[in-house]
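Here's the structure, in structure tokens; my notes come after.
The values are calculated or read from the model by the stated rules, or taken from the named source; none is laboratory data. Model, not experiment: these values are computed from the prediction. Cβ placement follows ideal geometry from the backbone for every residue including glycine, while neighbour counts extend to all protein chains displayed. Just so you know, the surface numbers come from the protein's heavy atoms only, side chains and all, with ligands and any DNA or RNA stripped out. Shrake-Rupley method; radii C 1.70, N 1.55, O 1.52, S 1.80 Å.
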Amino acid sequence: MLVLRSGLTRALAAWKLAPQVCSSFATGPRQYDGTFYEFRTYCLKPSKMNEFLENVKKNIHLRTAHSELVGYWSVEFGGQMNKVFHIWKYDNFAHRTEVRKAVAKDKEWQQSVIPNLALIDEQETEITYLVPWSKLEKPAKEGVYELVIFQMKPGGPALWGDAFKRAINAHVDLGYSKLVGVFHTEYGALNRVHVLWWNENADSRAAGRHQSHEDPRVVAAVRESVNYLVSQQNTLLIPTSFSPLK
């Protein structure tokens, strides 16, 4: 009886400690906001970029009648060429399901996309959330955009979040570039962070980057976050004439 009572005492003690132990496995802050952003990337056949974009321009109003387009860009530098990248905003997954059903029933939109289907080689989609400390900013004037994709070590924001935030804010606070938004992937390659920047033009971006590399405050912040970095890819994006973000 004494052995049984002793065993129950140990089991009860372990149960009381369980919430504290489990909480240590959290990979980041809880996602309370249901709003998410769908990143869509289309790889086009060579020499078909202009034809594709003209077709989209003529008919994009049919698609935006169903949900919000955040931005639409062509890839200028970085990675695979003949590529377009666009971001769509949804309130939650139920909202996206409703939109997809409505789009499928929209005969005029479905008919309009047929000419473009033969121009696309590959499609990729990712579902992302804004990180809790970032909000979507809209630049005051036209410019160019840079999408920087960071593949981080497994462990989530609980591991690298603070260091990454300090590195981003060092660039923002010192005025080297304007931050549009910081997103983390929910569906797609995990442990991936997308940072979208705005610059007036490619030369101003280059100048700011060179200056930041010589700023000890930025260097110190970046070196800390590099400890959690697996890879990085930078892509220069040119907004289309019909992109809400210019």
Heavy atoms of the protein only, probe of 1.4 Å, neighbouring chains included. What is the accessible area of residue 33 in Å², nearest 10?
90 Å²
If the chain between residue 189 and residue 123 were fully stretched, how many nm would it gain, using 0.36 nm times the residue separation less the Cα-Cα distance?
22.3 nm
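Which number do you get for Rg(Cα) / (2.2 N^0.38 Å) in segment 116-224? Kindly include the intermediate steps, with their values, before the conclusion.
Values: Rg = 15.4 Å, N = 109, 2.2 N^0.38 = 13.1 Å.
Cα-based Rg divided by the globular estimate yields 1.18.
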Along the three principal axes, how long is the chain when you take its alpha carbons, biggest first, rounded to the nearest angstrom?
82, 53, 30
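How many Å² of accessible area per residue for segment 82-137, probe 1.4 Å? Present the calculation step by step, with values, prior to reporting the outcome.
Working: 3310 Å² over 56 residues.
Dividing the accessible area of segment 82-137 by its residue count gives 59 Å².
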Segment 160-211 - accessible surface per residue (Å², probe 1.4 Å)
46 Å²
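Where does each of 176, 72, 187 land when they are ordered by accessible area, with a 1.4 Å probe and the largest first? Mind dumping the intermediate values first?
Numbers: 176 40, 72 5, 187 130 Å².
Descending order: 187, 176, 72.
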Rounded to the nearest 20 Debye, what is the dipole magnitude of the chain about its Cα centre when Lys and Arg each give +1 and Asp and Glu each give -1 at the C-beta?
760 debye
Non-local residues with an amide H under 5 Å from the amide H of residue 68, with H modelled 1.01 Å from N and Pro and chain starts lacking one, are 89
Name the residue farthest towards the positive end of the dipole of the chain from the options 131, 84, 59, assuming +1 on Cβ of Lys and Arg, -1 on Cβ of Asp and Glu, about the Cα centre.
131
Roughly to the nearest percent, how much of the accessible area of the chain is carbon and sulfur, given a 1.4 Å probe?
55 percent
